[in-house]
Every structure is written in structure tokens, then in C-alpha cells.
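The values are calculated or read from the model by the stated rules, or taken from the named source; none is laboratory data. Predicted model, so just to flag it, every value in this text is computed and none were measured. Cβ coordinates were reconstructed from backbone atoms using ideal geometry, including for glycine residues, and neighbour counts include every protein chain displayed. For accessibility, only protein heavy atoms count, side chains too; no ligands or nucleic acids. Shrake-Rupley method; radii C 1.70, N 1.55, O 1.52, S 1.80 Å.
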Amino acid sequence: MAGRFDPNPFDDGDEVNPFADQGAGKTNFNGGSFYTTSVPSAPNSRLSPLPHEPADFYNRNDSVDIPLDSAADLKKKERELQAREADLRRREEIVKRKEEAAARAGIVLEEKNWPPFFPIIHHDIPSEIPIHLQKLQYVAFTTYLGLVFCLFWNIIATTTAWIKGEDPQIWFLAIIYFILGVPLAYVLWYRPLYRTFRKESALKFGWFFLFYLLHIGFVIFAAVAPPVVFKGKSLAGILPAIDLVGDQALVGIFYFIGFGLFCLETLLSMWVIQQVYMYFRGSGRAADMRRDAV
């Protein structure tokens, strides 16, 4: 605590001002008069000044070079855009007129939409097939996919037989069956049935019956696999399965599975052709086809 006769009771002691000049004195007040006392300078108390920026570092009068097209170039681009827009509108009108003309003529534009991950065919049963024929069309499509799977499994079976020492030509024949059978089945009997049900026309029924009977004959032949070509081992049927299961059990099992698949395909195909024939006779399409033939 400061003394009673302290000349400046508010003075807390000497303070050092780091911003003051070195060797500068301190001014105090005492009884109505001022006196100065010297204060030793603090070592290294001054802060180093920041470097000065050049006077023209930010020159507000400098111009910024921004490339701008001239008015003529802008008008030229605008005319080009307008010409492109007019050309697009003209093409859209042409396409629209063609679609309307095709619709009036009864032509259906088929867009490839199946399978979804890699569309290769047009297939839209819920939208294009009448509701009373959709079940039959779905089963017919199942027989087509069943044929694809049977021929694919036939490749697997002949591959195992080839690995176990059978003639490699049976594998090449299985590849030929698959490459030819899958697209021909779609073109020759499934697509005609699809288009016939979509338009409910009797013109393609005869085409479907002819080639679907050939399809049924092939799957029956494959299920039996008589020893006609390479002892029938190019097809996974019952006869080569019995012949192979004794010496090569694994190959025989694969052939037995193929035999079961071909049998199932045969049964479904016979049901489909029976139902199509009943619809063909019951709906009066037979009379229409006879009248068209005359």
C-alpha cells in the first residue's frame, strides 16, 4: 500500500513503453509541478516494420483485358443458333408426320426393349397382347427361353464329355445347335405367334403351326438322342446318358439333366400348341383363314 506522503498515490510504479524512443524520460506529477525521470530503454522492444508494398501494387487505373466478340460475331452466332433451331423443328415435324402416317396405316414401330440390360428384340406382352391371350403368350415365351436354356445346357454336357475323352466334334455340333436354334426359333415361330396375338389375325397361324411342330419334333429327338450322329452324344438325351453313366458317372449325370430339361420343354410346347389350336378353332380364325386362302 502506498505511503501517506506518497507524492502520486495513483502511480503503480515505473512502466516501460515499448513503443517509446530509447532513452526517453518519464514525466511525473508532484504537488502541482511536473518533473521528468529517465527510464532505461527496454532491449529489443521495438517491432520490426513490415515491408512496404510498391506504390503501384494495386493500380486502379490498369485496364483488364477481357476478350469480347464484336457485335458482328455475336449476330452471326445468333443467326446460326436460330438456323439450327429451325432445322431441328423441321426434322421433328417430319418425324411426327411419319409416325402419324404409320399409325394411320396400321404400322407398329417396334422399339427394342428386351432384355433390359442389352435390348435385342421388341417384347411388351402387357401393352400389346389382349388380356385374354397374355397367359398363353407368356407360356409360349417360356418355351422359347426353355429352348435357349436346353441348348445352353447341352453345350455344358458335351463340354464335360469332351474333357473326359469323347470326340471334340460333339462339342462343335452343340455350338452349332445353339447358334442356329436360338435365332431361328424366335424368327420362325415365336415372333409370328406374338404378332398374330397382337393383331388377332389368322394369316400367320399356319406359319406358326408348321414351325412349332418342327420345334416339338426337335426337342423330342433331343430328349431321346438316338445314335445317328456320333452315337447321339452331341445331344444330352436319354440314350447317351445311359451309355455314359457306367464309365463316366459325372458326364452321365449331366446328360440325364439335359434329358430332363428336353422332356420338360416338350411337355410345355405340347400344351402351348394345344391351347393355340383351341383358340384358333374356337375364335373363328380357322374360317377366316380358309376364306382368305380362297
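Okay, here's what the table says:
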{"item": "Region 192-210, subset without any contact (Cβ under 8 Å) to a residue 24 or more places away in the chain, open to solvent by 30 Å² or more (accessible area, probe 1.4 Å) and in a helix (DSSP H, G or I), residue farthest from residue 157 (Cα to Cα)", "result": "199"}
{"item": "Test: residue in region 148-167 that is open to solvent by 20 Å² or more (accessible area, probe 1.4 Å), in contact with a Lys or Arg (Cβ under 7 Å, 6 or more places away or on another chain) and not in a helix (DSSP H, G or I)", "result": "yes"}
{"item": "Residues of region 232-261 satisfying the condition of being outside any helix (DSSP H, G or I) and surrounded by fewer than 16 Cβ atoms within 10 Å (Cβ to Cβ)", "result": "246, 247"}
{"item": "Region 217-231, subset farther than 21 Å from residue 267 by Cβ and free of Cβ contacts under 8 Å to residues at least 60 places away in the same chain, residue least open to solvent (accessible area, probe 1.4 Å)", "result": "229"}
{"item": "Tabulated pairs, region 140-155, first without any contact (Cβ under 8 Å) to a residue 24 or more places away in the chain, second open to solvent by 10 Å² or more (accessible area, probe 1.4 Å), C-beta under 7 angstrom, 6+ apart or interchain", "result": "155/175; 155/178"}
{"item": "Of all residues making up region 179-208, the number that are touching a Gly at 6+ places or on another chain (Cβ under 9 Å) and among the small types (Gly, Ala, Ser)", "result": "1"}
{"item": "Filter result (in contact (Cβ under 8 Å) with a residue 12 or more places away in the chain and either assigned to a helix (DSSP H, G or I) or not β-branched (Val, Ile, Thr) (or both)) within region 111-139", "result": "122, 123, 125, 128, 130, 133, 136, 137, 138, 139"}
{"item": "Members of region 240-274 found to be under 15 Å from residue 224 (Cβ atoms), of a type in the set (Phe, Trp, Tyr) and in contact (Cβ under 8 Å) with a residue 60 or more places away in the chain, listed by number", "result": "255, 262"}
{"item": "Residue in region 265-285 that is modelled with the lowest pLDDT, counting only those that are over 16 Å from residue 206 (Cβ atoms) and small (Gly, Ala, Ser)", "result": "282"}
{"item": "Selection within region 168-191 - among the aliphatic types (A, V, I, L, M) and either buried (at least 19 other Cβ atoms within 10 Å of the Cβ) or touching a residue at least 60 places away in the same chain (Cβ under 8 Å) (or both)", "result": "170, 173, 174, 185"}
